[in-house]
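Okay, so here's the structure we're looking at.
The values are calculated or read from the model by the stated rules, or taken from the named source; none is laboratory data. Keep in mind it's a predicted model, so treat the numbers as computed, not measured. Positions of Cβ are backbone-derived with ideal geometry, glycine not excepted, and every protein chain shown enters the neighbour counts.
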């Protein structure tokens, strides 16, 4: 049975301060926790309702917990709801350590830089899309929303466990390093050249900058851009949501630049 003190400690992980202090975060929901297991994530403990355990999903995932020796306990629905940050909890919560990502040293050949992304849903969708296209290195400016925010984690659907690099690095440091390598520093702008015209066959590598939802790419980041790219569309319409634009650009970039690079 979860004690009041333990419940309070778990609920505190919805706040960035305590996530960093404990170096832990919560995962909520059937699909998310199943995806985390598929990514071989380390889960410290799992709590599930009897109702969920009795379901087909519950019976199947319990076998995975037992196979991986993950501590598992039943918890009343009201306790799960009390801990959960979701309005539609599915009766399962897991505790995980923040992954031990590789320390940044040299610029990877394919990467994304998130410049001031503030919306948790956008951040999560970008991470999920990046993982889908095999991008292993995600960097972000210190102004971005915390990537272990519960809404980001739910939206990313397990993507956090697929990355090699996942650091907050000031743009002058990271993009300065890229500029010294001769790799392309790509920025998206409606007035840029269509992404399909970019020839990546002869370049060493690239980093794609995705800017803030309201203000776009910051001036300092812009100063490092070597190629400005755009997504052709119907004139007169509002620009695409940053997570949608990021997905289209990553599709174009990874189609040209092999995943093995």
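Quick notes on this one:
- Selected residue (only one of 25, 65, 57 is part of a helix (DSSP H, G or I) and in contact with a helix residue (DSSP H, G or I) (Cβ under 6 Å, 6 or more places away or on another chain)): 57
- Within the range 231-244, considering residues that are at pLDDT below 95 and in contact with a strand residue (DSSP E or B) (Cβ under 7 Å, 6 or more places away or on another chain), the one nearest to residue 170 (Cα to Cα): 239
- Check on residue 195, surrounded by 14 or more Cβ atoms within 10 Å (Cβ to Cβ), under 30 Å from residue 40 (Cβ atoms) and either assigned by TED's automatic domain parsing to the domain that holds residue 135 or touching a helix residue (DSSP H, G or I) at 6+ places or on another chain (Cβ under 8 Å) (or both): no
- Residue 37 vs. criteria on the phi < 0 side of the Ramachandran plot and either in contact with a helix residue (DSSP H, G or I) (Cβ under 9 Å, 6 or more places away or on another chain) or buried (at least 20 other Cβ atoms within 10 Å of the Cβ) (or both): yes
- Looking only at the range 169-188, and only at residues there that are in a helix (DSSP H, G or I) and in contact (Cβ under 8 Å) with a residue 60 or more places away in the chain, the one that is nearest to residue 203 (Cα to Cα): 181
- Residue match in the range 124-142 (condition: at pLDDT 95 or above, at positive phi, assigned to a loop (DSSP other than H, G, I, E, B) and touching a helix residue (DSSP H, G or I) at 6+ places or on another chain (Cβ under 6 Å)): no
- Within this structure, residue 52 fails the test of being out of contact with any strand residue (DSSP E or B) (no Cβ under 6 Å at 6 or more places or on another chain), free of Cβ contacts under 8 Å to residues at least 60 places away in the same chain and more than 18 Å from residue 99 (Cβ to Cβ).
- Residue 45 assigned by TED's automatic domain parsing to the domain that holds residue 85, over 20 Å from residue 79 (Cα atoms), surrounded by 13 or more Cβ atoms within 10 Å (Cβ to Cβ) and more than 17 Å from the chain's Cα centre (by Cα): no
- When the criteria are applied in full, residue 151 meets the requirement of being under 14 Å from the mean Cα position of the chain (by Cα) and surrounded by fewer than 21 Cβ atoms within 10 Å (Cβ to Cβ).
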